[in-house]
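What follows is one structure encoded as structure tokens, with my remarks underneath.
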Amino acid sequence: MADVVSGYAARFGDETIIAGAFRERLQPGAFSRSLRENPDVVMLLDHDTGRVLGRTSAGTLTLREDRIGLWFSLDVDASTPEGQTALGTVRRQDVKGCSFGFIVRAEEWDDGGDRLPLRTITDVDLFEVTLTAFPAYPTTSASLRAANAARRVAERAERMQRIRGIR
């Protein structure tokens, strides 16, 4: 059995407050162009580029947009210090949220009336997702699940074929 961490790195329609200055939400489809055009996104611990957990181009990270948000599945390498940290903190639910690194390509603003202004992000360039104890969007999720080894091998083979353009 291999250890897999999965959940939602982002959820559509949920609002959060950014730096006390404005509200923000993600529109469905905000990640679709980037996922099509950039087949190489990494998963990190706390946005730390020195603590890489997985990568889409390596087949160790799967990302997809669904009706809820940006779903991920990470095949964790327990032989690395970062993998051990991820498994331990997610298993205990000390870390149970996610964040993501991105550049906004398109957005819409609403003045908010008597509330903080609202930014709706409609398109991003996604370059990383991260496991974190302090997510900007508190409705994100990360949890541990055991994967059947045969299914995991088949899923990885399918991912690698897609990356290579075979499927």
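Taking residue 33, is it basic (Lys, Arg), in contact (Cβ under 8 Å) with a residue 24 or more places away in the chain, assigned to a helix (DSSP H, G or I) and in contact with an Asp or Glu (Cβ under 9 Å, 6 or more places away or on another chain)?
yes
Which numbered condition trips up residue 53, out of (1) closer than 18 Å to residue 156 by Cβ; (2) part of a helix (DSSP H, G or I)?
In the conditions (1) closer than 18 Å to residue 156 by Cβ; (2) part of a helix (DSSP H, G or I), residue 53 misses (2) alone.
May I ask you to list the residues in the stretch 16-29 that are in contact with a strand residue (DSSP E or B) (Cβ under 6 Å, 6 or more places away or on another chain) and free of Cβ contacts under 8 Å to residues at least 40 places away in the same chain?
none
Filter the stretch 108-140 down to the residues that are of a type in the set (A, V, I, L, M, F, W, C) and assigned to a strand (DSSP E or B), then identify the one that is surrounded by the fewest Cβ atoms within 10 Å (Cβ to Cβ).
109
Hey, among 88, 13, which residue is exposed (fewer than 14 other Cβ atoms within 10 Å of the Cβ), free of Cβ contacts under 8 Å to residues at least 40 places away in the same chain, more than 19 Å from residue 144 (Cβ to Cβ) and not hydrophobic (A, V, I, L, M, F, W, C)?
13
Starting from the stretch 123-141, take each residue that is more than 21 Å from residue 51 (Cα to Cα) and list its partners that are aromatic (Phe, Trp, Tyr) and part of a loop (DSSP other than H, G, I, E, B), counting only C-beta distances under 8 angstrom and pairs at least six apart or across chains.
Pairs that qualify, where the first residue is more than 21 Å from residue 51 (Cα to Cα) and the partner is aromatic (Phe, Trp, Tyr) and part of a loop (DSSP other than H, G, I, E, B), are 124/31.
Out of 67, 159, which single residue is out of contact with any Phe, Trp or Tyr (no Cβ under 6 Å at 6 or more places or on another chain), at pLDDT 95 or above and not in a strand (DSSP E or B)?
Matching residue, one of 67, 159: 67.
If I ask for residues that are in contact with a strand residue (DSSP E or B) (Cβ under 6 Å, 6 or more places away or on another chain) and polar (S, T, N, Q), which ones from the stretch 30-55 would you list?
32, 34
From the residues in the stretch 31-74 that are of a type in the set (Asp, Glu) and loosely packed, with under 14 Cβ neighbours inside 10 Å, which one is nearest to residue 86 (Cα to Cα)?
So the residue we want is 46.
The values are calculated or read from the model by the stated rules, or taken from the named source; none is laboratory data. Treat the numbers as computed from the prediction; the structure is a model and nothing was measured. With ideal geometry, Cβ positions are generated from the backbone for all residues, glycine too; neighbour counts draw on all protein chains shown.
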